[in-house]
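Taking it in order: structure first as structure tokens, then the write-up.
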Amino acid sequence: MDQKLEVVVLPVADADRAKAFYSSLGWREDADFATGPDFRVLQFTPPGSEASVIFGTGVTSATPGSTEAIMLTVTDLDACLGDLRGRGVEVDGPWHDAGGVFHHGGEEQRVPGRDPQDRAYCTFASFADPDGNTWVLQEITTRLPGRVVGPTRYADADDLAAALRRAAAAHGEHEKRTGAEDPDWPDWYARYLVAEQAGTELPE
């Protein structure tokens, strides 16, 4: 039976301040309701995400700002950083892990700049909300095998366009190897896009 992550609870001190912040990120507001002065729930969803966050008043007993390193994945970290900074968000990054591994580790392991090998999973950035709850952005352009289950999907038109550009570049190399134009290029593109998201072997 499928078990899909649906909601992450954020502890905040001021629901309206948190609402203003997450609205400023361009996240979708799904709910804002209260049953009295001691209970209010707000739900926001990042663009392209199937999971959401909730916060508010009387939602959790956790200390405001105590949630650390919630992971957001993006296909183009540089574009995402430009968007966040354009919205007035203070962002740390890009950076990579000193050990050259796929996880961000602690702050003492952070080395400024992108991963030297420009590998998927290895370049990060981070930011915090007004309460101090922290978020880590991880760039993933190609998934590891078995990391994607379900239909191929893209966050938005820009995300799909970036994938098509990668497919076009790879298809150009394919035609160089074969020495001929490929009349079935739509089929090749489709196989490439599906395989890239699924983390399986790409067509040659």
message = Can you confirm whether THR141 is under 25 Å from ARG87 (Cα atoms) and either among the β-branched types (Val, Ile, Thr) or in a helix (DSSP H, G or I) (or both)?
response = yes
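Of the residues ASP131, ASP115, which single one is in contact with a helix residue (DSSP H, G or I) (Cβ under 8 Å, 6 or more places away or on another chain), among the acidic types (Asp, Glu), in the same structural domain as LEU77 (by TED's automatic domain parsing) and not in a helix (DSSP H, G or I)? Quick ask: steps written out before the conclusion?
On the way: ASP115 fails: in contact with a helix residue (DSSP H, G or I) (Cβ under 8 Å, 6 or more places away or on another chain).
After applying the criteria, what remains is ASP131.
Sort out for me the strands (runs of 3 or more DSSP E) sitting completely within the stretch 1-101 that have 1 or more residues that are buried (at least 16 other Cβ atoms within 10 Å of the Cβ). Explain how you work it out, then say what you get.
Values: elements: 7-9, 28-36, 39-45, 52-57, 70-74, 92-97.
Fully inside the stretch 1-101 and qualifying: 39-45, 52-57, 70-74, 92-97.
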task = Taking the residues in the stretch 151-185 that are assigned to a helix (DSSP H, G or I) and in contact (Cβ under 8 Å) with a residue 40 or more places away in the chain as candidates, determine which candidate is nearest to GLU196 (Cα to Cα).
result = ALA163
query = Quick check, is ARG17 outside the structural domain of ALA128 (by TED's automatic domain parsing), modelled with pLDDT of 95 or more, in contact with a Ser or Thr (Cβ under 9 Å, 6 or more places away or on another chain) and of a type in the set (Lys, Arg)?
reply = no
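Does any residue of the stretch 74-86 turn out to be assigned by TED's automatic domain parsing to the domain that holds ALA18, of a type in the set (Ser, Thr, Tyr) and either closer than 25 Å to LEU5 by Cα or touching a residue at least 40 places away in the same chain (Cβ under 8 Å) (or both)? If you could, list the steps in order and put the result at the bottom.
Step one: of the stretch 74-86, the residues assigned by TED's automatic domain parsing to the domain that holds ALA18 are none.
No, the stretch 74-86 contains no residue that is assigned by TED's automatic domain parsing to the domain that holds ALA18, of a type in the set (Ser, Thr, Tyr) and either closer than 25 Å to LEU5 by Cα or touching a residue at least 40 places away in the same chain (Cβ under 8 Å) (or both).
Listed here are the residues, each with its yes/no results for (1) closer than 30 Å to ARG17 by Cβ; (2) of a type in the set (Gly, Ala, Ser); (3) under 18 Å from the mean Cα position of the chain (by Cα).
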position	(1), (2), (3)
GLY132	yes, yes, no
LEU137	yes, no, yes
PRO151	no, no, yes
ALA155	yes, yes, yes
ALA168	no, yes, no
VAL194	no, no, no
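Can you tell me which residue within the stretch 102-129, out of those that are surrounded by fewer than 12 Cβ atoms within 10 Å (Cβ to Cβ) and within 22 Å of THR67 (Cα to Cα), is modelled with the highest pLDDT?
Pass one, the stretch 102-129, residues surrounded by fewer than 12 Cβ atoms within 10 Å (Cβ to Cβ): 106-108, 112-113, 116-118.
Next, from what is left, pick out any that are within 22 Å of THR67 (Cα to Cα): 106-108.
Numbers: GLY106: 67, GLU107: 71, GLU108: 67.
Filtering first and then ranking leaves GLU107.
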query = Of the numbered conditions (1) in contact (Cβ under 8 Å) with a residue 60 or more places away in the chain; (2) buried (at least 18 other Cβ atoms within 10 Å of the Cβ); (3) not aromatic (Phe, Trp, Tyr), GLY132 satisfies every one except a single condition; which is it?
reply = (2)
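The values are calculated or read from the model by the stated rules, or taken from the named source; none is laboratory data. It should be emphasised that the depicted structure is a prediction, and the values quoted were computed from it without experimental measurement. Note that each Cβ is placed from the backbone with ideal geometry, even for glycine, and that neighbours are counted across all protein chains shown.
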